[in-house]
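For reference, the structure discussed in these notes is given below.
The values are calculated or read from the model by the stated rules, or taken from the named source; none is laboratory data. Quantities reported herein were computed from a predicted structural model and do not represent experimental measurements. Note: ideal-geometry Cβ built from the backbone for every residue, glycine included; neighbour counts use all protein chains shown. Just the protein is used for accessible areas: all its heavy atoms, side chains included, with ligands, DNA and RNA removed. Shrake-Rupley method; radii C 1.70, N 1.55, O 1.52, S 1.80 Å.
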Amino acid sequence: MVCNPRKNALLKSGSKSDAIDARKLAELLRGGLLSPVYHGERSALEVQQMARSYTQVTEDTTRVMARLKAVFRGQAVSCAGKKLYGERHREEYLVQLSGGLRRRAEHLYQELDALQPLRHAVKRELIVECRKHVAAQWLQSVPFLGPIRAALLIGRVQTPHRFRTKRQFWTYCGLGLETRDSGEYRVVNGQVERRHRPALIRGLNWNHNHEMKNLFKSTATAASTREGVWREYYLGLLAKGMRPEMARLTLARKIAAITLKIWKKGETFDSEHLKLQAA
């Protein structure tokens, strides 16, 4: 069994060696306390690898752009916006640097020039590979879930049937709520009674897929600012007195639930889904 090491807290206590770890893992397995890692579906392996390549190249490009802007900001050079990265205006920024700082900025520009064409090439390959899956059409029918987000969904989730309910999918995407409660029962006149009070919510679950959480949060943020059915739903939540950040979270959970539903059923998006209980 391939198990989730984040949930094996017993391994962190006491001395550590291969023999001790094997013994502890055997005890956890015997008690049914190991959490398996999903390795079932294999039809989307190509999309999965292409999605990882695209994510890594995008992160590298973002990192270089941030480092480049930090060089100029460190010298109090105004560089707001994206004008700094274009080839047309590079020289007017470089003349404001001298010595080693100028050489450092030139090296970062060279790295950026190498990464940007590579990112576009990987993006095209990812979209082409994603088109081979029929689920791409269903996912792209959801507003603000374009070809890239649909490809990342297919690559990471692989199959929606891993999740029996929408709450399991929310937990995987980092949108599940964690609750804490204690002292639920008390003895009154010799009888055990349960306290009638709600459990305390302690935020979202920490053990999740960070790419999926970023995907649905970015989708909800974009959908809440542009015209469409999602914005109408978002404004309806605000009208009920919900705080904007909580409304965006609720919108992200709604988008995730509807995405899971239409993926399972093999149908396209319909605005009527907003009126029904999804998944």
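Things worth noting here:
- Scanning region 126-157 for residues that are assigned to a helix (DSSP H, G or I) and in contact with a Ser or Thr (Cβ under 8 Å, 6 or more places away or on another chain), we see that the one that is most open to solvent (accessible area, probe 1.4 Å) is Q137.
- Test for G203: is it surrounded by fewer than 19 Cβ atoms within 10 Å (Cβ to Cβ), modelled with pLDDT under 90 and not in a loop (DSSP other than H, G, I, E, B): yes
- Given (1) surrounded by 18 or more Cβ atoms within 10 Å (Cβ to Cβ); (2) over 20 Å from the mean Cα position of the chain (by Cα); (3) in a helix (DSSP H, G or I), number of the condition F269 does not satisfy: (3)
- Boolean, H273 is without any contact (Cβ under 8 Å) to a residue 24 or more places away in the chain and touching a helix residue (DSSP H, G or I) at 6+ places or on another chain (Cβ under 7 Å): yes
- Screening T219 on (1) in contact (Cβ under 8 Å) with a residue 24 or more places away in the chain; (2) among the polar types (S, T, N, Q); (3) open to solvent by 20 Å² or more (accessible area, probe 1.4 Å) shows it passes everything except condition (3).
- V192 passes every criterion in (1) part of a strand (DSSP E or B); (2) open to solvent by less than 30 Å² (accessible area, probe 1.4 Å) apart from (2).
- Conditions (1) over 22 Å from Q137 (Cβ atoms); (2) out of contact with any strand residue (DSSP E or B) (no Cβ under 9 Å at 6 or more places or on another chain); (3) not hydroxyl-bearing (S, T, Y): number failed by I255: (1)
Okay, residues lined up against (1) touching a residue at least 40 places away in the same chain (Cβ under 8 Å); (2) closer than 30 Å to K213 by Cβ:
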residue	(1), (2)
G14	no, no
D21	no, no
A44	yes, yes
S53	yes, yes
Q56	no, yes
L68	yes, yes
S78	no, no
G81	no, yes
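- Near pairs, Cβ below 6 angstrom, 6+ apart or cross-chain, from region 176-189 (without any contact (Cβ under 8 Å) to a residue 24 or more places away in the chain and open to solvent by 90 Å² or more (accessible area, probe 1.4 Å)) to any residue that is of a type in the set (A, V, I, L, M) and part of a strand (DSSP E or B): R180/L200; Y185/V192
- Subset of region 46-92 (residues that are aromatic (F, W, Y) and more than 21 Å from the chain's Cα centre (by Cα)): F72, Y85
- Scanning region 234-260 for residues that are buried (at least 19 other Cβ atoms within 10 Å of the Cβ) and farther than 21 Å from N214 by Cβ returns a single hit, L237.
- Matching residues in region 158-171 - criterion: being touching a residue at least 24 places away in the same chain (Cβ under 8 Å), open to solvent by 50 Å² or more (accessible area, probe 1.4 Å) and closer than 16 Å to S35 by Cβ: R162, T171
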